[in-house]
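Remarks on the structure that follows.
What follows is calculated from the coordinates using simple rules that are stated; it is not laboratory data. If you're wondering where the values come from, they're calculated on a predicted model, not measured in any experiment. We place every Cβ from the backbone using ideal geometry, glycine too, and count neighbours over all the protein chains shown.
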Amino acid sequence: MNENASTGSNSTDGARAAELGFFARFIKATELDTRLLGMVLALLLIWVTFDVLSGGLFLTPRNLWNLSVQTASIAVMATGMVLVIVTRNIDLSVGSILGFVGMIMGVAQTEWLPPFLGFENPATWIITLALGIAVGAAIGGLQGFIIAFLGVPSFIVTLGGLLVWRGAAWWVTSGRTVAPMDSTFRLMGGGPAGSIGANWSWVVGVIACLGIVGLIINARRQRKRFNFPRRPVWAEILLGVVGSALALGAVAVANSYPWPIGIVRRYAEEHNITMPEGGLFIPHGIAIPVLIAIVVGIVMTFVATRTRFGRYVFALGGNPEAAELAGINTKWVIMKIFILMGILCAISAAISTARLNAATNAQGTLDELLTIAAAVIGGTSLAGGVGTIAGAMLGAVMMQSLSSGMVLLGLDTPLQNIVVGVVLVIAVWLDTIYRRRVS
Amino acid sequence: MSEILTPSPTDPPPAETLLEATSISKSFGPVEVLRDIGLRLVPGEVHAIIGENGAGKSTLMKILSGHLAPSKGTLKVNGEKTAFTGPVDAEERGIVLVHQEILLAPDLTVAQNIYLGRELRRGIVLDERTMAEGAHRAVLDLGADIDPKTVVNRLSIAQRQLVQIARALLVPHRIVIFDEPTASLTPVETKALLKVIGAIKAKNAAILYISHRLPEVKTIADRVTVLRDGKLVGTYDAANLEPVDMARLMVGRDVSKLYPERAEAKTGETVLEVENMTVPGFTRNASFSLKRGEILGFAGLVGAGRTELLEGIIGLRPANGSVRLNGNAVQFKNSKQSMEAGIVYLSEDRKGKGLLLGQSLKINLTLAGLDKFVRGMLIDRRREDQALDQAIRDFDIRTRNRDLLAGQLSGGNQQKLLLAKMMLLGPKVVVIDEPTRGIDIGTKEQIYKFITGLAAEGKSVIVISSEMPELIGICDRIIVMRNGEIAGEVAGEHMTEAEIVVLATGATMKEAALVAEGA
C-alpha cells in the first residue's frame with residue numbers, strides 16, 4: 001500500500017520544493033493550514049458579497065461588533081462539539097440543555113436567591129453561574145454515562161435529551177418567561193455596559209500581539225533545540241506581523257463602534273458631564289461575551305492539543321480499538337467529553353440569557369444544528385479523529401455571518417433557512433473534495 | 001557461506017503470451033516507484049514476484065490489474081495493446097487480483113460477501129440458496145469448511161483471507177494475481193491454497209504470485225521475477241533458484257543468517273504461571289509457565305485459540321483460570337491493568353488495533369505510556385520529541401520525515417514503531433502476535449534481533465506465529481495448540497516443523513513431514 005513512503009529521501013523533498021509554484025512555496029514556508037486559510041478566504045468572500053449587496057451596511061463597525069456578540073454563544077458550544085464529533089459521537093441536545101440551564105439561571109437570580117440575598121447582590125451572578133455550570137455538568141454527565149457505560153448510541157441519548165431538557169425548561173416556570181436579570185449577570189451578554197471600553201480593548205490587543213510573538217519565538221527555539229527544519233525568518237516575521245495586525249485591527253473595529261446616543265445622554269447626566277457640541281463619542285470596545293468565547297477557545301485548544309485528556313480524545317476518535325489496547329479507559333474519556341459539553345452549554349446559556357435579559361422557554365431552539373454545522377464546516381470529520389477548535393469557531397462565525405447578512409438584506413426566514421441548508425451541504429462537499437486531493 | 005551460483009535470467013518462447021508489460025514506469029509526484037519493468041506471462045505458469053517492502057511489487061500488481069495506470073510503458077493482453085479503464089475493465093478481460101488487505105463487508109455473511117456486486121437473482125428476489133451453495137463450494141475448493149451463512153466478523157483473519165480468495169476466483173479468469181495470500185495462513189491452509197493454485201494452473205491460466213515466504217515460492221513457482229528499489233533485477237527459472245539466492249537478489253547482499261545467534265539461554269525464575277485458563281468459545285484448560293529471559297513460542301493452526309488465550313490472560317476477553325505474575329495471583333479486567341503489571345501485547349492486527357494510522361509517529365509512540373510525559377496538567381512535548389528521536393535511533397525506524405503519519409510508514413517500520421511504543425512502558429513480559437507478518441526479509445532480521453535482545457535483557461517474550469521456521473529460529477520452547485487446547489510442547493532438538501505439525505493437526509509423523517516440506 002504505502003510502498004512509496006519509505007523510498008523517498010531528503011533529496012527528493014528538496015527537488016519537490018524547487019518545482020513548487022509561488023503559492024505552494026508560500027504555504028510550505030509559513031506552514032499555514034491550507035484548509036483554515038481557505039475558510040478565512042471564504043469568510044471574507046461572504047462578507048464582501050453581503051457588503052456589496054447591502055450597499056455597504058455589512059462591513060461597518062456596528063454590524064461586525066453585533067456579529068461578534070451573536071456568534072459567541074454558538075462558538076462556545078462548537079468547541080465542545082468538536083470533541084464530541086471527533087470521538088464519533090453527536091450531541092443533539094445542546095440547544096435544549098442551553099434552554100433548560102438558562103431557565104434555571106433565570107429563576108435562580110429572580111426567584112430563588114433574592115429571598116436570601118435581596119436583589120442586585122454582588123454575589124448573585126457568580127452563584128447563579130456556578131449553579132448553571134453545575135447543572136450543565138450534571139446533565140452532560142448523565143447523558144455521557146448512559147452513552148459510555150450503558151452503551152446507548154449518543155444519537156439516541158441526545159435525541160431523547162433534546163426532548164427531555166426542552167420539556168424540563170418549560171416545567172421550571174410552566175412556560176413563563178423570566179425577567180429581568182441581575183445587572184452584573186447581564187454584563188456577560190454584551191451591550192454598552194457589557195463591553196470593556198477602548199483602553200482595556202487596546203490592552204487585550206497588545207496582550208494578544210505579545211502572545212502571538214511569544215508563541216512564534218518559543219516554537220522556533222524548540223525546533224532549533226531538536227534540529228527540526230525551521231521556517232524561514234521572513235515567514236516567521238510575516239506570521240507575527242499579520243497575526244498582530246489582525247488582533248489590533250479587530251480591536252480598532254470594536255473601538256470605532258460608539259454607544260448609542262440615548263445611552264450616552266443618560267451616562268452624561270449620571271456623571272454630570274455636559275454634552276459637547278456634536279455629541280460624546282464613547283466606544284464599546286470588545287464585548288465581554290466575545291472575550292469569554294475567546295478565552296474558552298484558547299482553553300479548549302490547550303485541552304485538545306496539550307493535555308492527556310485531549311490526546312486520548314483524538315486517539316479514541318482515530319482508532320477506538322487501538323486506544324483501548326493502549327490502556328486508555330475509553331468509557332471514562334467519553335463521559336468526560338459530555339460533562340465538558342454540558343459545562344460549555346451552561347456558559348452559552350449564561351451568555352444568551354444575559355444578552356436577552358430574560359430566560360425564555362424557546363431559548364436555544366435549533367442551536368444544536370448550528371453548533372454541529374459550525375463544527376463540521378470548521379473541518380471536524382464525522383468519521384472521527386479529525387477536527388480543530390479554531391476551525392469550529394471560524395465555522396460559527398461563518399454560520400452567523402450568513403444569517404445576519406441575510407437579515408440585513410431583509411430576506412424572509414424561510415429563504416434564510418434554505419440558503420443556510422444549501423451552504424452547509426456545499427461546504428461539506430467542497431471539504432470532501434479537498435480531503436481527497438490532500439490524501 | 002559457500003559459493004552461490006548466479007542464476008541467469010530466463011525467457012520462455014513467446015509462443016502464447018497472455019499478458020505482456022513493456023517498460024512500465026510509475027511515479028507518484030516526483031517519486032518514481034517503478035522504473036522500466038518488463039514482464040511476460042504465459043498460460044499455465046506460476047510466476048512469482050519477489051522483492052523487499054518498497055520494491056514496488058504491490059504497485060506493479062495494481063497496474064497489471066487496472067487499479068493504477070502506468071506513467072509510462074505499454075500493456076498487451078493476448079497480444080492486443082490495452083489501457084485498462086479500471087479494475088472492472090481488467091476483470092472483464094479475465095485478470096483478477098486477490099488483495100493483500102482484507103476488503104470484505106464485516107457485517108455481511110460469507111455468501112453475501114462472495115456474491116457482493118454480482119448477486120444471483122430469481123425474478124426480483126435474491127436467490128439466497130444458490131448463492132449459499134456456490135459460496136460453500138467456493139470455500140470448500142480452498143480446503144476450508146466455512147458455513148456460508150457465517151457473518152464475516154466472526155471469522156479469523158485467515159478465514160477472511162480465504163473468503164476473499166474465493167470471491168476473486170468466482171470471476172471467469174485467465175490471470176490470477178495473488179498479493180501475499182499466505183501472509184495470514186497457517187501451513188495447512190497454505191497447503192490447501194497451493195493446491196488451488198495448482199488447479200488454476202492446470203486450467204491453463206497464469207498466476208502471478210507475490211510472497212515473502214521464499215521456500216513457498218521455491219515450491220510453487222515456475223518462474224521468479226525479482227524487483228529491487230522499483231527496478232527489475234531479472235526473471236529466473238525457479239528450478240535454478242534456491243531461497244537463499246532469492247533473498248540475495250532481493251536484498252542485493254548476502255543474507256544467509258536470518259535468525260540471530262543466541263547464546264545459551266540464561267533463563268531465570270518463573271515469571272508468569274497460567275493454570276487452567278478457559279476462554280469461553282476459544283480455549284479450554286490451558287496451563288503453561290514462562291521464565292525470566294525466555295522466548296516462548298505459540299504455534300498452531302489458525303483458529304486453534306492462540307491469540308484468544310493470550311487475550312484472555314491479559315484481560316481483553318472474559319476468561320476463567322488462574323494467572324500468577326511473579327508468584328502473585330492476578331486477574332486483569334482490561335489491558336490497562338495488565339500493562340501496569342508489566343505485560344504488554346502487540347496485536348497481530350497492526351493497522352486495525354495497534355496504530356492510529358491517521359496520527360503522527362509521536363502521538364502513536366507515547367500513547368500507551370503517556371503518563372510518563374505529563375507534567376502538571378500538560379503534555380511535555382519536548383520529552384515526547386526526545387522519545388521519538390530515541391525510538392527512531394534504537395529501533396531503526398526509517399522515515400524521511402518525522403511529521404509523517406503512522407499510516408504512511410511501511411509495514412516493517414510500523415511494527416518497529418509499535419515495539420518502541422510498548423517498550424516505553426518498561427514491560428517485564430512482552431507478547432508479540434505475528435511479529436513479522438507482511439514484513440520484508442531485511443526488516444524481519446531486525447525484528448528477530450530486537451526480540452532476542454529483549455530476552456537477553458531479562459525480559460520474557462511470548463511469540464505467537466504461524467511461521468514455523470521463525471518460531472524454531474528464535475524460541476527456547478514452543479507450545480503447540482490444537483482446537484483450543486494445548487496439544488504439547490517442543491524444545492531443543494524436537495523443535496522441528498514436522499513435530500509441530502503433528503501436534504498442531506493430530507496427523508501422523510509421515511503426513512506431517514509431507515506438509516512441512518510443502519510449506
Under the rule of at least 5 residues apart or a separate chain, name every residue whose amide H is placed under 5 Å from the amide H of B:E489.
B:V480
Using the Kirkwood radius over Cα pairs, work out the Stokes-Einstein diffusion coefficient for segment B:270-518 at 20 °C and 1.002 mPa s, in µm²/s as a whole number.
114
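May I have the convex hull volume per residue, in Å³, for the Cα set of segment B:400-495? Could you put the intermediate results ahead of the total?
Numbers: hull volume 12.3 nm³, N = 96.
So the per-residue Cα hull volume is 129 Å³.
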Can you tell me, using C-alpha contacts under 8 Å and at least 6 residues apart, the relative contact order of chain A as a whole percent?
33
I'd like to know which of B:A192, A:A304, B:I165 lies farthest towards the positive end of the charge dipole of the protein assembly as shown, counting +1 on Cβ of Lys and Arg and -1 on Cβ of Asp and Glu.
A:A304
Where the Cα atoms of the protein assembly as shown are projected onto their three principal axes, how long is each span, largest first, in whole Å?
110, 69, 67
With a cut-off of 20 Å, note down the residues of segment A:188-203 whose backbone N falls inside the zone around a label point 7 Å from the Cα of A:M275 toward its beta carbon.
A:192-193
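Below 8 Å, C-alpha to C-alpha, sequence gap of six or more: please give me the relative contact order for chain B in percent.
Values: 1035 pairs, mean separation 79.8, N = 519.
Here the relative contact order equals 15 percent.
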For a protection proxy built on the mean count of beta-carbon atoms within 10 angstrom, sort A:111-118, B:113-120 highest first, please.
B:113-120, A:111-118
Among A:G191, A:G421, A:G385: highest mean-square fluctuation, GNM of chain A, C-alpha pairs under 10 Å
A:G421
Length-normalised contact order of segment B:270-518, Cα under 8 Å, at least 6 apart, in percent, tallies to 27
With +1 on each Lys and Arg Cβ and -1 on each Asp and Glu Cβ, and nothing else charged, work out how big the dipole of segment B:214-367 is about its Cα centre, in Debye to the nearest 20.
460
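Would you calculate, for chain A, the mean residue ellipticity at 222 nm contributed by helices, counting each DSSP H stretch of 4 or more residues as -39,500 (n - 2.57) and dividing by all residues, to the nearest 500?
Numbers: 19 runs with 316 residues, N = 439.
Per the formula, -24000 deg cm²/dmol.
If you build the convex hull over the alpha carbons only and average its shadow over all orientations, what do you get for chain A? Give it in nm² to one decimal.
25.8
Based on other C-beta atoms within 10 Å, arrange B:E216, A:E270, B:E101 from fewest to most. It would help to have the intermediate numbers written out before the result.
On the way: B:E216 21, A:E270 8, B:E101 13.
Ascending number of Cβ neighbours within 10 Å: A:E270, B:E101, B:E216.
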If you average the alpha carbon positions of segment B:151-170 and of segment A:152-216, how far apart do those two centres end up, in angstrom?
54
Taking the dipole of the protein assembly as shown about the Cα centre (Lys, Arg +1; Asp, Glu -1; charges at Cβ), the one of A:N329, A:G160, A:N361 that reaches farthest to the positive side is A:N361
Dipole of segment B:270-518, positive end: most advanced residue of B:S287, B:S466, B:M423 [Cβ charges, Cα centre]:
B:M423
Counting only residues 5 or more apart in sequence or on a different chain, those whose built amide H sits under 5 Å from that of B:T225 are B:A48, B:I49, B:I50, B:Y236
When a footprinting reagent is the concern and you count Cβ atoms within 10 Å, what order do A:F119, B:F84, B:F28, A:F100 take, fewest first?
A:F119, B:F28, B:F84, A:F100
Rounded to the nearest 0.05, what FRET efficiency is calculated for B:L116 and B:E269 with R0 set to 41 Å and r the Cβ-Cβ distance?
0.15
Can you work out ³J(HN,Hα) from phi for every residue in segment B:191-204, in order, using Karplus 6.51 cos²θ - 1.76 cosθ + 1.60 and θ = phi - 60°, giving whole Hz and x for Gly and Pro?
3, 5, 5, 4, 5, 4, 4, x, 5, 4, 4, 4, 7, 6
Identify which of A:L83, A:L53, A:L316 has the largest mean-square fluctuation in a Gaussian network model of chain A, with springs joining Cα atoms closer than 10 Å.
A:L53
Running a GNM on chain A with Cα contacts under 10 Å, which residue among A:G194, A:G95, A:G243 ends up with the highest mean-square fluctuation?
A:G243
Considering only C-alpha atoms, what is the centroid distance from segment B:266-330 to segment A:249-301, in Å?
70
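For segment B:104-171, report the convex hull volume of the alpha-carbon atoms normalised per residue, in Å³, without decimals. List each step's numbers first, then the result.
Working: hull volume 5.1 nm³, N = 68.
Per-residue hull volume (Cα only) is 75 Å³.
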Round to the nearest 0.05 the FRET efficiency obtained for A:V206 and A:F23 when R0 = 25 Å and r is the Cβ-Cβ distance.
0.20
For chain A, what is the charge dipole size about the Cα centre, in debye to the nearest 20, if Lys and Arg each add +1 at the Cβ and Asp and Glu each add -1 at the Cβ?
1220
Per Stokes-Einstein, at 10 °C and 1.306 mPa s, what whole-number D in µm² s⁻¹ belongs to segment B:264-369, with the Kirkwood radius over Cα pairs as the hydrodynamic radius?
105
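If each DSSP helix of 4+ residues adds -39,500 (n - 2.57) and the sum is divided by the residues in chain B, what number results at 222 nm, nearest 500 deg cm²/dmol?
Numbers: 17 runs with 168 residues, N = 519.
About -9500 deg cm²/dmol.
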If I model a spin label as a point 7 Å beyond the Cα along the Cα-Cβ vector, how far apart are those points for B:L103 and B:E493 in nm?
5.1
Quick one: what are the phi-derived ³J(HN,Hα) couplings along segment B:453-465, Karplus 6.51/-1.76/1.60 with θ = phi - 60°, whole Hz, x for glycine and proline?
x, 4, 4, 5, 6, x, 7, 9, 10, 10, 10, 9, 8
Cα-projected label distance for A:N199 with A:L53, points at 7 Å along beta-carbon direction, nm
4.3
Taking the alpha-carbon centre of each part, the distance from segment B:107-132 to segment B:410-451 in Å is 41
Folded to 0 to 90 degrees: helix B:411-423 orientation relative to chain B principal axis, Cα
10
Cα principal axis extents for chain B, largest first, Å
70, 53, 52
Quote the FRET efficiency, to the nearest 0.05, computed for A:V295 versus B:K333 with a Förster distance R0 of 45 Å and r equal to the Cβ-Cβ distance.
0.70
Starting from the Cα of A:D412, step 7 Å toward the Cβ, then list every residue of segment A:361-378 with an amide N under 12 Å from that point.
none
